[in-house]
Amino acid sequence: MPPTPLLQATLGLTFFLAPAISQQPLPLAPVAPASLPTVVLGDGRPGVTEAWMEFQRQNPGPWRALWCTATGTPHAIYGTGLPLADWRGNSLEEARRHALLLLQDRADLLGLGTSDFRESIGARMGRTWSFKFDQYFRGLPVIDGRADVRVNMAGRIAMFGSRAWPIPADFVTVPTLGEEAATLIAWRAVDTTVAAQALPSTPRKPRLVIFGNVMAAQRTTPVLAWEIAIHAVAQDGTGPAGRYYVDAANGRVLEFRSDRHECGVPGCTAGSCEAAAAALTTGTPPAAAPAVPEPVAIPNSDSALPITRVRVMAYTQVDTSAAAAPQLVPMPFMDVDIGGFPHVTDANGEIFPLVNQSMPVTARFDGPFLGGVSGPNGGTVTGTIDPNTTLTLTFFSPNASSQQLAHSNTFYWMNRSNRFLHDVLGNTPQLTWLNSLPGIVNSLGSCNARFTGTDIEFYLSNPTCRNTAFSSVIAHEWGHAVDYAYGTIHGWNGLGEAYADIVANYLLDDPVLGRDFLTVAPFNVRSSVNSLQYPNGASQHEQAQSFAGFAWRFRDLLESYYWPLSRSYAISLSNSIVLGSLAADAMTQPEAVLEVCIADDNDGNLANGTPHTYVLQLAAAAHSLPMPWDLPPNDTCATASTLVEGINGPFHNQYASVEQTWYVPRIDPNQPRTGVADLWFRYTTGVAGTLTVSLCGRAGFDTVMALYSGANCNSMTEIALDDNFCGSASRISHSVNPGTYWIRVASGSTWNGWTY
C-alpha cells in the first residue's frame, strides 16, 4: 500500500511525510541491495563528528553510521568495509590483533576517551569474528559502555562502533553513600511481602559501577552507582530477581533490571492459569510434531566378550509435545558413583569401569553440562556391579508421573541444549559458565518457567496446563541463560525473548514453543510462524515474535533456496548465521538483523550485499524488520529530495537514521534535543522572498524542522528552527535570497525509524 500522506508545507512549499509503514513484500525474484549513501554529518559529541567526517574523506564509501544518542558515538559503522593489508591468515588470534589495532586507530571516532576496554566476547559468528569490549574507568565497570569490532574471515573489518560513555578525567569514583545504605535502599524498593526462597548459588555482592541509560533519547551523563543484586522469589515463583542501580551520591534509585525471564504464557502467573487459558483464542489441536530423539547407538545385546558395563536409562519425554508418552532412553553424560569413585556416562549412557569385586553404584541427575537437577520426586537410582557383568540402572517406569518425568526431562534437555549451543558457538568462556547452571523442578506454582540469572526453574501442572519441564520450554529457558552469558538479556523490543524462542525452535526444528502445554485450546504457547510486524506487540513475548518469525522464515526460505538439497544444509547454515549472532550481544532487533547479515557476509563489504541477501530480505520484509541497506532515498543530506512549490510527496521515514543534534530554542537554548528518523529536502530559488514550510495539519507525529542555507552539505548554515509551532507539528517562515536551501524534518519525541 502507498504511504499515508501526513505532512504538508506552503509558500510555496508543500510536502507530505508518512509515518513508518510495513515494508511491502519483495518480488519473487533475486534483487540486489540498494546502494548505501555516504552520510556526511554525524550525531556525535565534540571531536567524534569531526573524526567521522575525516574518516569518510580518508575512506571513500559508501558508509553508514548508526548513532547512539545517549553517548554521542556511532554504535555501528559499516559499508564497503576496511581491507586489512597485513592480514596474516584467518584465525581468532589474528582477528583479535586487528580489532585491538582498530580501537587504537579509531579511538577519536569511537569516543573511547581515557577509559579501558576489555574484551568480553571474542568468538566466531558465521563467516565473521565478533569482538565486544566492555568499558571500564579506573577499574570500575561502565554499564552498557562498549566497543564492537567485526572482522570478516576474508581479511576485512566489516563493522565497528561503540557505545562509549564520555567520562571526564575528574569523575569522582569515591561514593558518598555506603554499601550498606545502598543495599537498604534497594531492598526497600522491592515491592514484595513474600519470603524469598534459598538461592541455589551465592548471590552477587554489591559493587560500584558507572551507570547510564544507553537507550535514552537524549544525551545522558553517567553517574557513580551501586549495583545491588536482588533475589526475592517466593516458593510459588512470585517476586523479583535482578539488579537495582542506586546513585552513590544521593541514594536515588536509578533503575531496576530484571534477571527473571519466564516462558510467557499469556497472562499466566501462579493461580491464574484457569483464567488465562480461558482468555486465549480457541483453535484446533495441532498435529503431533515429529520426535526428536537423541542420536545414540545402543547394542541390542551384550557383547560376547567379558566386559564390565554400567548402563543408565530413564523414562523421558523426548518428543516436542508436552503430552508425549515417555520413552526409555539412555542418560548421556550423567554422574555415576562406582565404589566411591566418580564416573560420567558416555554419549550412549554407558560406563566401562575397571572393577575386580562387587561395588555399589549410584546414578544421579547431575553431570558436566549442567549444575544438577533438584526438586521433589526425583532422587537417585542404585545397584551393584560385579566384574564382567552389565548393570542397567533405570529411572522411573512407563507410568512415571509428571513430577518424576520433570527430573529426567530437565536433565535430558538441558544436556541437549548445552551441547547443541557448544556445537554452534564453540567452547567459549560464556558457555563454560553454563556447565554449572542448576535446574529446579516441581516448584510451587504452575503454567510458567523462569530463568533468574542463578538457576532455571519449572513449575507443577494444574488442570489447564502441564508440568513446564519439557522439551521446548526447557530449551527456551536455556536460551535465556545463553543470552545472559553473552552480556545481558536486553528487554528492549523483546530481543532476549526472541533469542530464547529461536534456541528452542532451532534445536527441535519446530516453530512451536510449548507444544500441547495447555490442556485447552489453543494448546500451544506461541509459534514463530506468525505475521507480527516489528515493532508491534503489547508485551516482551509478543514483541519477540517478529525477530523469532524472521529467524524461522529465514530457515524455511533457505530450504527452498537450496532445493533439492536436504533440509540439513538449511539447518546448519541458519544455526551458524542466526544463533551465531548471539556472540554479537545485539541490543535491539534491527541491530540483531544487522549482525545476522554480517555473519552471512563472505567479503566484509555489506554495500554489495551478502550471499543470501534475497532470502534475508524476504524474511525481514515479512516482519517489517529493516535490512542494513533499507533506507529512505532522502535519508541523508547528500541524497536530499528536491522540492518544488506546491504539494510534494508522499514521503515516509521508515528506517530513517539520524545525522545531527538539534538545538531547540523554544525549550532551552543550551539543551540538546535529538530529532530521530530524519529526512532531507533541498529547495532552490532564483528570486528573493519569504520561504514558508509548514507541517500544520499534516504531521501525524511530533516533528522538528530546521532550515539551512549553503551551496552543499559540507557548508550549510542553520538559519531557522521550529518545534511545535502548531500543536506537535512544525512550521518555518524565513526570508531567503536566490540560492539553495536545505530542510531537515525529523520526529521530535518518538522513535519512528530505525536508529535513535
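The values are calculated or read from the model by the stated rules, or taken from the named source; none is laboratory data. Just so we're clear, the structure is a prediction, and the values are computed from it rather than from any experiment. Here the Cβ positions follow ideal geometry from the backbone for every residue, glycine too, while neighbour counts run over all protein chains shown. Quick note on the areas: whole protein, heavy atoms, side chains included, nothing else; ligands and nucleic acids left out. Shrake-Rupley method; radii C 1.70, N 1.55, O 1.52, S 1.80 Å.
Listed values, structure above:
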quantity	calculated
Bins of 10 Å, starting at 0 and running to the largest distance - Cα pair percent for the range 444-555	15, 46, 34, 4
Cα convex hull volume per residue for the range 148-190 (Å³)	166
Euclidean distance between Cα centres, the range 467-496 to the range 518-577, Å	16
All-pairs alpha carbon distance profile, the range 376-466, 5 Å steps from 0, percent	3, 11, 17, 18, 16, 14, 12, 6, 2, 1
Amide H contacts of residue 393 (H built 1.01 Å from N, under 5 Å, at least 5 apart or other chain)	311, 312, 313
Gained length - residue 187 relative to residue 362, 0.36 nm times residue gap less alpha-carbon distance	58.7 nm
Per principal axis, descending, Cα span of the range 468-515 in whole Å	27, 18, 17
The range 519-563, Cα convex hull volume normalised per residue, Å³	88
Carbon/sulfur fraction of accessible area - the range 326-447, other protein chains in place, 1.4 Å, %	52
Reciprocal mean inverse distance between Cα atoms of the range 340-424 - Kirkwood radius, Å	14.5
Alpha-carbon radius of gyration plus Dmax, which is the widest Cα pair, for the range 73-161 in Å	12.6, 36
Interchain or long-range residues, amide H under 5 Å from residue 259's placed H	241, 242, 243
Burial order of peptide ranges 59-65, 410-416, 443-449, 364-370 (average beta-carbon count within 10 Å, highest first)	410-416, 443-449, 364-370, 59-65
q = 0.15 Å⁻¹: log10 I(q)/I(0) that the Debye formula gives for the range 481-613, counting C-alpha atoms only	-0.72
Surface share of carbon and sulfur [accessible, 1.4 angstrom probe, percent] for the range 207-260	51
Contour minus Cα-Cα distance for residue 100 and residue 54 (0.36 nm per residue)	14.5 nm
Label-zone membership for the range 114-144, site residue 569, 7 angstrom Cα→C-beta point, backbone N under 19 Å	126-127
Residue order for 569, 459 - accessible surface, 1.4 angstrom probe, largest first	569, 459
Rounded FRET efficiency, nearest 0.05, which uses the C-beta distance separating residue 386 from residue 138 and R0 of 60 Å	0.40
Semi-axes of the equivalent ellipsoid for the range 118-173, Cα gyration tensor, largest first, Å	28, 11, 7
